Each structure stands twice: as structure tokens, then as C-alpha cells.
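Please read the structure below before turning to the comments.
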Amino acid sequence: MPNAVFAQRTLTVNIGTSLSFDQVVSNASNFLFYAIEFLAVALFVVGAMLMTLSRGKDDMVQKGKSLMIESMVGLAIVLAAHAILGMVLYLLYS
């Protein structure tokens, strides 16, 4: 078969809805935000467990404390980025 026949084929998938670009970006950013939020909370809990189970060892207490602080800083950065993206999408597409 000639290559021209393959170039004319298209695949159409009907998922029952049509989304605009801003809706796709908003859905993707919400998914990433909630996934990273879950990871940050899980890391915070792991850090708290390290501190609790350290039995007074200073290095384990410090590791747990730094893990808790870093997870909260990461969560704050992601929250700020999510808010900024939401505001930009609102200003562009409202």
C-alpha cells in the first residue's frame, strides 16, 4: 500500500464531553496539586515518626525535623504556584 493511504487515517475518540484548554490545564494542575499535597503530608508524617521513634538520638531527631520542615516548605511552594496558576487562568479565560 502507498504511504498516502496511511496518512489519511484518523482516530477519533468520543469521551462524551469536550473540554477547553483552560479546563484541561485546570484539571491537570488540580491533579498535580492533590498528588503533591498527599506526598507532602506523607513525608511530614514520616518525619514525625522518625522523631518519635528516634529514642533520643540527635541525628534521627534532626533528620525527622528537617524532613518535616522541608515537606511544609514544599507544600507552601506548591500551594502558591497553584494559586498563581488559578489566578492567571481566571484572568485569561473568565
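The values are calculated or read from the model by the stated rules, or taken from the named source; none is laboratory data. From a predicted model like this one, the values you see are computed outputs, not experimental measurements. Note that we place each Cβ from the backbone using ideal geometry, even for glycine, and neighbour counts take in every protein chain shown.
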- prompt: Looking only at residues in region 17-53 that are among the small types (Gly, Ala, Ser) and assigned to a loop (DSSP other than H, G, I, E, B), which one is nearest to Gly74 (Cα to Cα)?
  reply: Ser20
field: Filter result (of a type in the set (Ser, Thr, Tyr), out of contact with any Asp or Glu (no Cβ under 6 Å at 6 or more places or on another chain) and either in contact (Cβ under 8 Å) with a residue 24 or more places away in the chain or not in a helix (DSSP H, G or I) (or both)) within region 67-94
entry: Ser71, Ser94
task: Among the candidates Met49, Met1, single out the residue that is among the aliphatic types (A, V, I, L, M) and at pLDDT below 80.
output: Met1
query: Failed condition for Leu91, given (1) modelled with pLDDT of 90 or more; (2) surrounded by 10 or more Cβ atoms within 10 Å (Cβ to Cβ), with all others met?
result: (2)
message: Yes or no: region 19-38 includes at least one residue that is in contact with a His (Cβ under 8 Å, 6 or more places away or on another chain) and among the aromatic types (Phe, Trp, Tyr).
response: yes
